[in-house]
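Enquirer: So that we are looking at the same thing, I have put the structure below in structure tokens.
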Amino acid sequence: MIVSRDYKYIKYLALGVVATLISTCFSNRKKQNNELQVKDYQTLVNDGVLRVATEYNTIAYHVDGDSIKGFHYDLVVAISKQHGFKAEITPIMSVTERIEGINQGRFDLIAHDIPLTSALKDSLLLTTPINRSKQVLVQRKKVEGDSVPFINNQLDLAKKTLYTVENSPALLRIENLSNEIGDTIYTKEIEKYGSEQLMALVAHKEIDYAVCDENVARALVDSFPQLDINTQISFTQLCAWAVNKKSQQLADSLNSWLDSFMKTTEFEELYNNYYKP
């Protein structure tokens, strides 16, 4: 079956809207609860519920027919079964809202690829590394008649405008890259959209350049054959989950489980299912 590019564009933007509506309803409900508190491991054991924030995308968490799939979703399910938790997983498209949710006690865990940067280590307690990724430039392939310059290397980014997810870790890298090339690189942050939606906007010529997580970009690029994702913006970075800075026991428990589980064939099969071609 041939699927039109317009359909794919609408599909991925619609997924962003649906995820936003879900997260907004969840946030409004939680804001009405005056008993929110930062929970540590023993409190979670007593309550039996692990409240998790993630991003709605092909890699982390998504609806596929009548089931839910995703690398981080499957990991959360596995750890919840191991510890006897009930997992309450909420897709939150905004990086800022996920971090605020952890700091305010609305969530116990962010299960998403969070790069191990100094800035994030100051605001979150990061687990042992689970994955690695980098930021890449998403642009349309060079075709005759397209007046938008094709970016072959980072020096060509001077005076260009790059779109990112709101409060993306890529912003700091772009700022540093601007200093490295000795010229200005402009950025615009898109609220409530993730990497998949930014890719759809580039593909449909709504914007010219976006900076996205490579893992998500590679998982989706076959759906948008007009896109190129081969220009790197950052070096490869280790990525982890995150909990509140006060939840040291929870972090220790997660690290112990992750260190053990990542040595199993079950983890290898899970990883290959989402990250290997």
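Enquirer: With the structure loaded, tell me whether Phe235 is aromatic (Phe, Trp, Tyr) and at pLDDT below 95 or whether it fails that test. Write out each step before concluding.
Expert: Numbers: aromatic (Phe, Trp, Tyr): yes; at pLDDT below 95: yes.
Taking the combined requirement at face value, the residue satisfies it.
Enquirer: Would you be able to say whether some residue in segment 266-273 is hydrophobic (A, V, I, L, M, F, W, C) and in a loop (DSSP other than H, G, I, E, B)?
Expert: So the first thing to find is which residues in segment 266-273 are hydrophobic (A, V, I, L, M, F, W, C), and the list is 267, 270.
So of that shortlist, the ones also in a loop (DSSP other than H, G, I, E, B) come out as none.
Taking every residue of segment 266-273 in turn, none turns out to be hydrophobic (A, V, I, L, M, F, W, C) and in a loop (DSSP other than H, G, I, E, B).
Enquirer: From the set of residues in segment 134-157 that are part of a strand (DSSP E or B) and buried (at least 21 other Cβ atoms within 10 Å of the Cβ), which is nearest to the chain's Cα centre (by Cα)? If you could, list the steps in order and put the result at the bottom.
Expert: In the first step, residues of segment 134-157 are kept if they are part of a strand (DSSP E or B); the result is 135-140.
From the residues that got through so far, the ones that are buried (at least 21 other Cβ atoms within 10 Å of the Cβ) too are 135-139.
Values: Gln135: 11, Val136: 14, Leu137: 16, Val138: 16, Gln139: 19 Å.
Among those that are part of a strand (DSSP E or B) and buried (at least 21 other Cβ atoms within 10 Å of the Cβ), it is Gln135.
Enquirer: Return the total of residues in segment 55-72 being farther than 12 Å from Asp113 by Cβ and in a loop (DSSP other than H, G, I, E, B).
Expert: Residues flagged as farther than 12 Å from Asp113 by Cβ and in a loop (DSSP other than H, G, I, E, B) within segment 55-72 amount to 4.
Enquirer: Looking at this structure, is Leu13 modelled with pLDDT under 90, over 15 Å from the mean Cα position of the chain (by Cα), surrounded by 15 or more Cβ atoms within 10 Å (Cβ to Cβ) and within 30 Å of Lys205 (Cα to Cα)?
Expert: Working: modelled with pLDDT under 90: yes; over 15 Å from the mean Cα position of the chain (by Cα): yes; surrounded by 15 or more Cβ atoms within 10 Å (Cβ to Cβ): yes; within 30 Å of Lys205 (Cα to Cα): yes.
Here the answer is yes, as Leu13 does meet what is asked.
Enquirer: Now for a separate question. Would you call Asn215 modelled with pLDDT under 95, closer than 30 Å to Leu50 by Cβ and in a helix (DSSP H, G or I)?
Expert: Working: modelled with pLDDT under 95: yes; closer than 30 Å to Leu50 by Cβ: yes; in a helix (DSSP H, G or I): yes.
Taking the combined requirement at face value, the residue satisfies it.
Enquirer: Just the residues that are in contact with a Cys (Cβ under 6 Å, 6 or more places away or on another chain) and of a type in the set (D, E, K, R), please, taken from segment 94-124.
Expert: Once the filter is applied, which keeps residues that are in contact with a Cys (Cβ under 6 Å, 6 or more places away or on another chain) and of a type in the set (D, E, K, R), segment 94-124 yields only Asp113.
Per-residue answers, yes or no, for (1) in contact with a helix residue (DSSP H, G or I) (Cβ under 9 Å, 6 or more places away or on another chain); (2) aromatic (Phe, Trp, Tyr); (3) open to solvent by less than 60 Å² (accessible area, probe 1.4 Å); (4) under 30 Å from Asp40 (Cβ atoms):
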position: Asp183; (1), (2), (3), (4): yes, no, yes, no
position: Glu189; (1), (2), (3), (4): yes, no, no, no
position: Glu196; (1), (2), (3), (4): yes, no, yes, no
position: Leu220; (1), (2), (3), (4): yes, no, yes, no
position: Gln249; (1), (2), (3), (4): yes, no, no, yes
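Enquirer: Follow-up. Which one is surrounded by the most Cβ atoms within 10 Å (Cβ to Cβ) among residues in segment 198-212 that are part of a loop (DSSP other than H, G, I, E, B) and in contact (Cβ under 8 Å) with a residue 12 or more places away in the chain? Spell out the reasoning first.
Expert: Going through segment 198-212, the residues part of a loop (DSSP other than H, G, I, E, B) turn out to be 204-209.
Filter again for in contact (Cβ under 8 Å) with a residue 12 or more places away in the chain, leaving 204-205, 207-209.
Values: His204: 18, Lys205: 12, Ile207: 18, Asp208: 19, Tyr209: 23.
For segment 198-212, the residue satisfying everything is Tyr209.
Enquirer: Restricting to segment 82-103, name every residue that is under 27 Å from Arg173 (Cα atoms) and in contact (Cβ under 8 Å) with a residue 24 or more places away in the chain. Walk me through it before giving the result.
Expert: Of segment 82-103, the ones under 27 Å from Arg173 (Cα atoms) are 91-103.
Of everything in segment 82-103, those that are under 27 Å from Arg173 (Cα atoms) and in contact (Cβ under 8 Å) with a residue 24 or more places away in the chain turn out to be Pro91, Ile92, Met93, Ser94, Val95, Thr96, Glu97, Arg98, Ile99, Gly101, Ile102, Asn103.
The values are calculated or read from the model by the stated rules, or taken from the named source; none is laboratory data. Small disclaimer: the values here were computed from a predicted structure and weren't measured. So basically every Cβ, Gly included, is an ideal-geometry build from the backbone, and we count neighbours across all protein chains shown. Ligands, DNA and RNA are stripped out before the accessible areas are found, and what is left, the full protein with its side chains, is counted by its heavy atoms. Shrake-Rupley method; radii C 1.70, N 1.55, O 1.52, S 1.80 Å.
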